[in-house]
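Coordinate-derived values only; no laboratory data. Everything numeric in this text was worked out from a predicted model, so none of it was measured. Cβ atoms come from the backbone with ideal geometry, glycine included; neighbour counts cover every protein chain shown.
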Amino acid sequence: MTPSEYQKFKGLKRENLRDHMNDLELIFTMLGEASTTEISKNKDAIGFSKNEIAAQEGGSVAGKAREDLEKRSGKKVSTKQNYLPKSEEKKRLR
């Protein structure tokens, strides 16, 4: 999912998406980012199109790892549940 799609999935409007992710959601997001960075560096990706390919490959690494965990654990990593309780959400909006 794109970040916008993920925000809609979690029912968020203007809140920070990362503030509402559980530990596994954050870990797989970070895995995708770190994988993308490593691939981009190792392939000397310069320019939008080469970095876009690196991003797709990095996302694929995280996606495959997530799918493997979901298959082995029998539970989905991505949930509609928000990490912050409602009272914390209200505090952050002020």
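May I ask you to list pairs of residues, at least six apart or on different chains, whose Cβ atoms are under 7 Å apart, with the first in segment 1-19 being over 16 Å from Pro85 (Cβ atoms) and the second being loosely packed, with under 11 Cβ neighbours inside 10 Å?
Short answer, once both residue conditions are applied: Phe9/Met1; Phe9/Lys80; Leu17/Pro3.
Looking at the structure I just gave you, is Asn16 at negative phi, touching a His at 6+ places or on another chain (Cβ under 8 Å) and of a type outside the set (A, V, I, L, M)?
no
Just to be sure before I move on: is Ala45 hydrophobic (A, V, I, L, M, F, W, C), assigned to a loop (DSSP other than H, G, I, E, B) and surrounded by 13 or more Cβ atoms within 10 Å (Cβ to Cβ) in the structure I sent?
The answer is yes for Ala45.
Using beta carbons and a limit of 7 Å, which pairs, at least six apart or on different chains, have the first residue in segment 66-78 and closer than 9 Å to Leu24 by Cβ and the second one loosely packed, with under 11 Cβ neighbours inside 10 Å?
none
Can you tell me which residues in segment 20-42 are in a helix (DSSP H, G or I), touching a helix residue (DSSP H, G or I) at 6+ places or on another chain (Cβ under 8 Å) and closer than 24 Å to Pro85 by Cα?
Those that are in a helix (DSSP H, G or I), touching a helix residue (DSSP H, G or I) at 6+ places or on another chain (Cβ under 8 Å) and closer than 24 Å to Pro85 by Cα: His20, Leu24, Leu26, Phe28, Thr29.
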